[in-house]
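Asker: Take this structure first; my questions come after.
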Amino acid sequence: MSLLLTRRVIFVGDPKVGKTGLIRALSEAELLRQSKVDVQNHPGGFGSQWKRLPYNPQVDGEYTIYYQRDRRRIGLRMMEVKNHVSAGRVRPFYYIHGYSAVIVLCYAIDAPRSLASVHEKWHPELLHFLPGVPIILVGCKSDLQGIQRNDVVTRSQGEALAAEIGAVKFIECSSQLCLTIDEFEETLVQVALSLDTATSSRRLRKGKCIVM
């Protein structure tokens, strides 16, 4: 068995686009996997004595989820970039506080303004503070895709933006209905595992200075 790798994943996007829901869906999937292991190992009902709770943004600064792929173990430290009043001055510290391995850049399918923010605000900011870090573009709330409204972001619009910003992957998800959460989770793990130590060191040396 290999040593445990740890990678930091930051979730970025406008307020209320679905960042919290995504992390919570991943945390609940992990808890479900663990409960199945407990049942297999303890059919009489005596499982783990310590039970984790799903992600709670009011409590968890970071939430680590563990995976195993082909004898490789990895812990993904999920962090949601907050959008509070002073976020414009505070946000940079989220970016430089530790090495970020993957960026999950989110917009909401029912909020075209959040898609525009990816292009106008978030991507330029990420290029400045985290150059070279792979981006997964996620269209959240995909369960709303079929509703009869003129202001719903289409899949082709999301794909076009993903190509424009050089995202390594584009995916639409619904944490509410758990649509394509498995695909998103697998993409996240594979991108994180693809990063090597040399790449990590180069990025750390290229870190940006912040003047407040």
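The values are calculated or read from the model by the stated rules, or taken from the named source; none is laboratory data. Note that the coordinates shown come from a computational prediction; the quantities given were computed from them, not determined experimentally. Here Cβ is always computed from backbone atoms with ideal geometry, including for glycine, and neighbour counts include all displayed protein chains.
Asker: Return the pairs, sorted by first residue and then second, in which the second residue is in a loop (DSSP other than H, G, I, E, B) and modelled with pLDDT of 80 or more, the first residue lies in segment 69-90 and is closer than 27 Å to Phe184 by Cα, the beta carbons are less than 6 Å apart, and the residues are 6+ apart or on different chains.
Answerer: Filtered contacts from segment 69-90: Asn83/Pro15.
Asker: If you don't mind, there's one more thing I want to ask. Suppose we filter segment 93-128 for residues that are of a type in the set (A, V, I, L, M, F, W, C) and surrounded by fewer than 18 Cβ atoms within 10 Å (Cβ to Cβ); how many remain?
Answerer: Here the count works out to 4.
Asker: Any idea how many residues of segment 131-171 are more than 17 Å from Val189 (Cα to Cα), outside any helix (DSSP H, G or I) and in contact with a strand residue (DSSP E or B) (Cβ under 9 Å, 6 or more places away or on another chain)?
Answerer: 6
Asker: Modelled with pLDDT of 90 or more, hydrophobic (A, V, I, L, M, F, W, C), closer than 20 Å to Thr6 by Cα and crowded, with 22+ Cβ neighbours inside 10 Å, is that true of Ile135?
Answerer: Yes.
Asker: Just checking, which of Val90, Val39 is modelled with pLDDT of 60 or more and either assigned to a loop (DSSP other than H, G, I, E, B) or more than 19 Å from the chain's Cα centre (by Cα) (or both)?
Answerer: Only one candidate qualifies: Val90.
Asker: Quick check on segment 182-197. Is at least one of its residues touching a strand residue (DSSP E or B) at 6+ places or on another chain (Cβ under 9 Å), modelled with pLDDT of 95 or more and assigned to a helix (DSSP H, G or I)?
Answerer: no
Asker: Follow-up question, since we're still on this one. Considering each residue of segment 51-68, count those that are under 19 Å from Glu185 (Cα atoms) and modelled with pLDDT of 65 or more, and give that number.
Answerer: 8
Asker: Starting from residues that are part of a helix (DSSP H, G or I) and within 17 Å of the chain's Cα centre (by Cα), keep the ones in segment 94-116 and report whichever is nearest to Asp14 (Cα to Cα).
Answerer: So, considering only residues that are part of a helix (DSSP H, G or I) and within 17 Å of the chain's Cα centre (by Cα), the one nearest to Asp14 (Cα to Cα) is Ser114.
Asker: Within segment 118-130, how many residues turn out to be more than 17 Å from Pro92 (Cα to Cα) and either in contact with a strand residue (DSSP E or B) (Cβ under 8 Å, 6 or more places away or on another chain) or outside any helix (DSSP H, G or I) (or both)?
Answerer: Matching residues across segment 118-130 total 0.
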